[in-house]
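The values are calculated or read from the model by the stated rules, or taken from the named source; none is laboratory data. Note that the coordinates shown come from a computational prediction; the quantities given were computed from them, not determined experimentally. Note: ideal-geometry Cβ built from the backbone for every residue, glycine included; neighbour counts use all protein chains shown.
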């Protein structure tokens with residue numbers, strides 16, 4: 001498994017433009033919420049009762065969040081804890097929306113709007129989205145935003161320095177390869 005530094009630097013290498021970063025702070029949460037809504041409509045019965053749940057029914061969204069959070073905790077505990085503060089309310093509101101009529105249509109519309117923000121950001125960046133070369137980067141996008149939030153608030157300074165240096169190096173290689181292929 002690649003380290004948090006390596007994952008974040010790969011993602012940051014195509015997210016160095018401040019306008020791109022701003023669009024991602026809107027687009028990614030919209031995409032996450034819409035996916036959670038869609039996943040929350042898929043429900044199944046567990047063969048046992050979980051503590052704190054009124055029934056043994058669980059949504060695919062809840063299972064997905066548990067699996068993603070395990071992955072995030074394996075990468076970096078402080079960032080995962082921060083992400084948990086985002087994921088739990090997002091999951092709760094997605095679960096509530098999933099019970100409404102037209103939930104999937106609303107989720108689909110929000111999903112499209114979220115991706116429009118993403119692609120507008122990459123127009124500013126003049127670089128393709130990170131997931132084009134590595135699908136795992138789809139999971140790193142939300143994690144990257146949490147890291148950027150920590151960095152903006154003055155936390156994880158050593159990590160920020162390492163990620164930024166590697167990202168700039170990776171971007172330089174990307175730009176050189178892009179220029180070489182156009183020559």
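So that you can scan it fast, the table gives a plain yes or no per residue for (1) modelled with pLDDT under 95; (2) surrounded by 15 or more Cβ atoms within 10 Å (Cβ to Cβ); (3) under 14 Å from the mean Cα position of the chain (by Cα):
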residue: 79; (1), (2), (3): no, yes, yes
residue: 94; (1), (2), (3): no, yes, no
residue: 141; (1), (2), (3): yes, yes, yes
residue: 161; (1), (2), (3): no, no, no
Got at least one residue in the range 152-171 being in contact (Cβ under 8 Å) with a residue 60 or more places away in the chain, under 30 Å from residue 40 (Cβ atoms) and part of a helix (DSSP H, G or I)?
-> no
Helices (runs of 4 or more DSSP H) (entirely within the range 1-120) containing at least 3 residues that are touching a residue at least 24 places away in the same chain (Cβ under 8 Å) and more than 24 Å from residue 156 (Cβ to Cβ) = 18-40, 60-75, 77-98
Here are some conditions: (1) within 17 Å of the chain's Cα centre (by Cα); (2) modelled with pLDDT under 95. Residue 180 meets all but one. Which one does it not meet?
-> (1)
Is the range 44-56 home to any residue that is out of contact with any helix residue (DSSP H, G or I) (no Cβ under 6 Å at 6 or more places or on another chain), surrounded by 14 or more Cβ atoms within 10 Å (Cβ to Cβ) and at pLDDT below 95?
-> no
